[in-house]
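Let me begin by presenting the structure, written as structure tokens, before commenting on it.
The values are calculated or read from the model by the stated rules, or taken from the named source; none is laboratory data. Fair warning: this is a prediction, and the values are worked out from it, not measured in the lab. With ideal geometry, Cβ positions are generated from the backbone for all residues, glycine too; neighbour counts draw on all protein chains shown. Surface accessibility is based on the protein's heavy atoms, side chains included, excluding ligands, DNA and RNA. Shrake-Rupley method; radii C 1.70, N 1.55, O 1.52, S 1.80 Å.
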Amino acid sequence: GSPLPSRSERAGVCPAREMRRFTRCLSVGALSVGAALAASPRAECAPRLQLASTLCSPHQPTVVLVHGLDSCRETWKNTLAALSARGVPSLALDLRGHGESPLGDVADFSASELALDVLGSIRGSGVSSALLVGHSMGGRIAMRAAALDALSESPVLRGVVIEDMDLRVRPFIVPPSSAAAEQALARFGGPDGHRFASFEEAEAALLPFYDAPRVAGWRGTRVRQLFDGSWWSDISPLAQRLARETVLASNDGGEAWDALGVLGVQHRLSVDVWHAPALGTVCALTGDGSIEDMAARLPCAEVREFAKASHSVHNSNHEEFIEALCVRLRSYSLS
């Protein structure tokens, strides 16, 4: 038999016509609501309040972590986890040309520019108070960042920790080149130059600069597969060469350190120098530009040797390193 008439048809209403009318009402209503929201101050995109997060807290500084040469933020994964477990906000950064950060203009690569990148990223993350930790070459960047921040009208750094780095000017020696090396450097300097179709392709680009066991050891960590199946190298031989030439082979560390001797004291900036013992450190313990020299040139700096550590103090003497960070953070609440 014939299907039963719908409720609309029994009421003498055409369903298609009623749906068109209802859709027009929705459209007009949406426009009216949209106009009302646009006119409301609550529709502004900028947040009205600074919200607490895993990156920043109103109660304590954020620990900001900067890696060294041939590294990236991945080196801090255990540190980040340990700080998070203690309720300490933390932020790890990739320096320009390292990890997932862009290289920018090669001509701009310098300690000052990298330091400005760090300070800009701290402020851009909503952090208003930070303890900056720089490991190895990142320690040089932390020195310059602290000196620059102390000149600011609104400093963001509460303290700085230099992890296993001194002030000595390292010699820069251009390594022997080859067609494969030049091709790899050009690739790393180009757009998306860290992305490869396979691990083997990434490995081939890195082998002109690093020994095979080291590259193989990076598989799954600093040379890793992305969700789309491609492979990403956090390591860049081009960034390494630029850092050796413009950061480690310069006297910028010494100049920044001496500036901190005046500016840091004025701003009550805490300065810590943490290093491994003689057999594990890359630092000179005595002589010009050494750990001893750093202490003499900046008497307010607190120098500490981690007896069980190697160059990466944060990984080789992890628990003591974390506790030292927490002690430093607690000292701010007492000052």
**Prolate/oblate/rounded label for region 180-241 (Cα gyration tensor, a/c 1.5)** = oblate
**Request:** Return the FRET efficiency for the residue pair Gln225, Asn78: r is the Cβ-Cβ distance, R0 is 22 Å, and the value is rounded to the nearest 0.05.
**Result:** 0.55
**Gyration tensor verdict on region 208-335 (Cα atoms; rounded if a/c is under 1.5, prolate if a/b is larger than b/c, oblate otherwise)** = prolate
**Prompt:** Put +1 on the Cβ of every Lys and Arg and -1 on every Asp and Glu Cβ in region 46-109; which of Val63, Ala82, Ala52 then has its Cα farthest towards the positive end of the dipole?
**Reply:** Ala52
**Message:** Modelling each spin label as a point 7 Å along the Cα-to-Cβ direction, I'd like the Glu302/Ala179 distance in nm, to one decimal.
**Reply:** 5.8 nm
**Item:** Ranked order, Leu298, Leu279 - accessible area, probe 1.4 Å, largest first
**Value:** Leu279, Leu298
**Request:** Collect residues whose amide H, placed 1.01 Å from N in the peptide plane, falls under 5 Å from the amide H of Ala92; neighbours closer than 5 in sequence don't count.
**Result:** Leu65
**Message:** What's the whole-number percent of alpha carbon pairs in region 71-128 lying beyond 19 angstrom?
**Reply:** 38 percent
**Asked** Points 7 angstrom from Cα along the Cβ direction at Ala295 and Val106: gap in nanometres?
**Response** 4.2 nm
**Request:** Using every pair of alpha-carbon atoms in region 101-253, split the distances into 5 Å bins beginning at 0 and state the percent of pairs per bin, rounded to integers.
**Result:** 2, 9, 16, 17, 17, 17, 13, 7, 3, 1
**Message:** At 7 Å along Cα-to-Cβ for each site, give me the label-to-label distance between Ala186 and Ser333 in nm.
**Reply:** 5.7 nm
